[in-house]
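Participant: Handing you this structure, nothing more for now.
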């Protein structure tokens, strides 16, 4: 036999062995998961691969099956990056699971086409809250955000229910911190103490070959920290831009005010914020804007950085992987009492209570009642308590106790609204800012150089963003016409319910307000010189 | 061996059965409206078209359904918009006074205002005026009043005479007899009053009336309560300010704006005592 033929045989043999082995493993897995007689399987898909989450969902599933022996729940974990493509394939192919995490890859049209509206149930109590303080309260009102995050203003309905909230904090290496600051040294509570940490660390590094960076940074973690300093300094400024007198200024209105010259990067508040960003940003690794999230995590876990800023979503992962104790505190921003940076500050920020990790029931579900039951179970007081106790994520339901290890993440409710920041700009505006941001961390006149670098490109970019915003709003306004025509026709034909009447009123108001806002934006933009 | 036409026979039989079953589906038009009410324009359009082919429902209703779907059928083309215009025009011409005729007049105005690549605002205003004059109490005429207010107050250049526009718009207010339409009108006019400095007193009056009627969207209601509080404060009406700020705190205790409002109430109560 020729040598080549032998190799071909070996090759085919290896492929055959591989095929048989994989078939064996797949079959074995199927057998292990096979549902019992008279049992249905609910499938739930999400992209939360963080440590503890898989386990938390497993616990919820096990408890649910204990209460409903005829239902078992299977998790499908799909990485964030491929989730949108995977989702579209499943939805179009008719193979979508019963419950899907809503977010990536789901716009209003897909929500309407593939998901079940929940308005019929949100007004009624969640049956899984029986025997708790929430027993008689409508499901919607048991959420800390009143289900605001689950509401589609285009469709005027609720399409999901969420499990948790998130806040951002400063994590620090307790052991290293005590080495630098002294045994038992308290965490920095205000900006002056934060600055003291930077100074002490510089002293510590003086005698060391392997220098320790103060804060691990990346294109992801950097803005989480630094944007807050700009927001801190612009709190009073933003309130001055609040023409409609409701203590909130939308991002497009902030951008319009920029174009109208009501603020710019040389405004004293913004300049002060940029100076702060420079001062703090110098304590991140040089060129942090080009580092990835994983790089920052490694820096911190390898004790090459003393601190890292991230959200409550990372607490379990960081605590499990770090070979040192981790403490968590709020980001020490300047308070109104700060002699240098206090004059533009109102006070601490009230933290957003938007609910995340929201699941919707797909219309393709073969077991919609069971899917609704599991969704209600997960978002009941007991179910949510079980979820947060295992995941160490913040609860979404009223009355759920925050576990001790994540107490530091408890949202601040006694606070003022945030000021403006780089994220107040649209996509094009942020691109121009990010392209020039490196100049803010240079040594020579950083703030002036950065500000000058934006002069030429930022205004046209903001204008483009606002034109895009107007286009998006017009699209939504146009869509409402067909929706309203259909709802009104149903009412005219007497095929209506109180829910249809509510939707007619809400859709009509939403359209009028959006139309009013879009025209105002458009005419104001026209009035501003290019 | 079977020849090609013979092979196609089962397919033809299947298509015929499908067509007959669809024709005999009395709920096809209802389903088409259900789809349209949920943004499923393509599905709705297909159902209406099928119903038209098999004459499965009222001809005017079906044609109207096709028209309102054409406004948003993707891809949005000039041809579709022109088709919708032709449909609405035909429906109005054949009977301007039934539900379809009145609704068609409204959507003809919407088509000119929103759906054309080059909106024709004067034409839209003329059609709205015709609708309001001919059928003042109809749902669509009531809706049209807020649209006229939007076009005159918000869609005109910032340099236009907004006071004159406000005076013209306010002349329509007496025609509003549907509470929800009045609420929307009030919110539009009050926003313009604040935005273009047309009078805080007026804005406050419109807002309070809208709130009394009832605002169907929670987030908008929250904005309105704070706006009333701040406007009242600006006008030196402390009691009104406190009342509305406190109502906001009661109804939206978890809002990120709650603390700011709380501080305002403290300030006001402190100043009062």
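The values are calculated or read from the model by the stated rules, or taken from the named source; none is laboratory data. In this text the structure is predicted, and so the values were computed from the model without any measurement. For neighbour counting, all protein chains shown are included, and Cβ atoms are generated from backbone atoms with ideal geometry for every residue, glycine included.
Participant: Collect the residues in the stretch A:121-154 that are more than 14 Å from every other protein chain (Cβ to nearest Cβ) and under 25 Å from residue B:36 (Cβ atoms), keeping them in residue-number order.
Facilitator: Selection gives A:121 alone.
Participant: Do we have residue A:361 as assigned to a strand (DSSP E or B), more than 24 Å from residue A:131 (Cα to Cα) and modelled with pLDDT of 95 or more here?
Facilitator: yes
Participant: For the list (1) over 29 Å from the mean Cα position of the chain (by Cα); (2) closer than 26 Å to residue B:193 by Cβ; (3) facing chain B (nearest Cβ under 7 Å), I need the number of the one condition that residue A:482 fails.
Facilitator: Answer for residue A:482: the failing condition is (2).
Participant: Also, I was wondering about something else. For residue B:194, state whether it is without any contact (Cβ under 8 Å) to a residue 12 or more places away in the chain, buried (at least 17 other Cβ atoms within 10 Å of the Cβ) and touching a helix residue (DSSP H, G or I) at 6+ places or on another chain (Cβ under 7 Å). Steps first, answer last, please.
Facilitator: Working: without any contact (Cβ under 8 Å) to a residue 12 or more places away in the chain: no; buried (at least 17 other Cβ atoms within 10 Å of the Cβ): yes; touching a helix residue (DSSP H, G or I) at 6+ places or on another chain (Cβ under 7 Å): yes.
For residue B:194, the condition - without any contact (Cβ under 8 Å) to a residue 12 or more places away in the chain, buried (at least 17 other Cβ atoms within 10 Å of the Cβ) and touching a helix residue (DSSP H, G or I) at 6+ places or on another chain (Cβ under 7 Å) - is not met.
Participant: Now for a separate question. Please specify each residue of the stretch A:413-431 satisfying the condition of being surrounded by fewer than 17 Cβ atoms within 10 Å (Cβ to Cβ) and within 14 Å of chain B (Cβ to nearest Cβ).
Facilitator: A:413, A:414
Participant: Next question. Any chance the stretch B:41-59 includes a residue that's closer than 30 Å to residue B:133 by Cβ, over 20 Å from the mean Cα position of the chain (by Cα), assigned to a helix (DSSP H, G or I) and at pLDDT 90 or above?
Facilitator: Of the stretch B:41-59, the ones closer than 30 Å to residue B:133 by Cβ are B:58-59.
Imposing the further condition that a residue be over 20 Å from the mean Cα position of the chain (by Cα) reduces the set to B:58-59.
After this cut, where a residue has to be assigned to a helix (DSSP H, G or I) as well, the list is B:59.
When the remaining residues are screened for being at pLDDT 90 or above, the result is B:59.
Yes, the conditions are met somewhere in the stretch B:41-59.
Participant: Out of B:161, B:137, which single residue is over 24 Å from residue B:69 (Cα atoms), in contact (Cβ under 8 Å) with a residue 40 or more places away in the chain and surrounded by fewer than 20 Cβ atoms within 10 Å (Cβ to Cβ)?
Facilitator: B:137
Participant: Give A:62, A:45 a once-over and let me know the one that is at pLDDT 95 or above, farther than 22 Å from residue A:364 by Cα and in contact with a strand residue (DSSP E or B) (Cβ under 9 Å, 6 or more places away or on another chain).
Facilitator: Only one candidate passes the filter, namely A:62.
Participant: Here is a check on your reading of the model: is residue B:226 surrounded by 19 or more Cβ atoms within 10 Å (Cβ to Cβ) and in a loop (DSSP other than H, G, I, E, B)?
Facilitator: Here the answer is no, as residue B:226 does not meet what is asked.
Participant: Which of the residues that make up the stretch B:101-155 are more than 10 Å from chain A (Cβ to nearest Cβ), within 17 Å of residue B:188 (Cβ to Cβ) and within 15 Å of the chain's Cα centre (by Cα)?
Facilitator: B:109, B:124, B:128, B:141, B:144, B:145, B:148
Participant: Follow-up. Scan the stretch B:60-85 for residues that are surrounded by fewer than 18 Cβ atoms within 10 Å (Cβ to Cβ) and assigned to a loop (DSSP other than H, G, I, E, B) and jot them down.
Facilitator: Once the filter is applied, which keeps residues that are surrounded by fewer than 18 Cβ atoms within 10 Å (Cβ to Cβ) and assigned to a loop (DSSP other than H, G, I, E, B), the stretch B:60-85 yields B:74, B:75, B:76, B:77.
Listed here are the residues, each with its yes/no results for (1) within 11 Å of another protein chain (Cβ to nearest Cβ); (2) over 17 Å from residue B:232 (Cβ atoms); (3) under 16 Å from the mean Cα position of the chain (by Cα).
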| position | (1), (2), (3) |
| --- | --- |
| B:179 | yes, yes, yes |
| B:182 | no, yes, yes |
| B:185 | yes, yes, yes |
| B:207 | yes, no, no |
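Participant: Find all pairs meeting these conditions: Cβ atoms under 6 angstrom apart; at least six residues apart or on different chains; first residue within the stretch A:150-174 and on the phi > 0 side of the Ramachandran plot; second residue not in a strand (DSSP E or B).
Facilitator: Close Cβ pairs satisfying both conditions: A:156/A:503; A:156/A:506; A:156/A:507.
Yes/no matrix, rows are residues, columns are (1) within 14 Å of chain B (Cβ to nearest Cβ); (2) on the phi > 0 side of the Ramachandran plot; (3) in contact with a strand residue (DSSP E or B) (Cβ under 6 Å, 6 or more places away or on another chain):
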site	(1), (2), (3)
A:307	no, no, yes
A:313	no, no, no
A:329	no, no, yes
A:335	no, no, no
A:341	no, no, no
A:348	yes, no, no
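Participant: Restricting attention to the stretch B:62-83, report how many residues are at pLDDT 95 or above and under 20 Å from the mean Cα position of the chain (by Cα).
Facilitator: Quick first cut of the stretch B:62-83, residues at pLDDT 95 or above only: B:62-73, B:77-83.
Applying the additional criterion that residues be under 20 Å from the mean Cα position of the chain (by Cα) yields B:64-73, B:81.
The total comes to 11.
Participant: What's the total number of residues in the stretch A:485-503 that are closer than 30 Å to residue B:117 by Cα and facing chain B (nearest Cβ under 7 Å)?
Facilitator: 6
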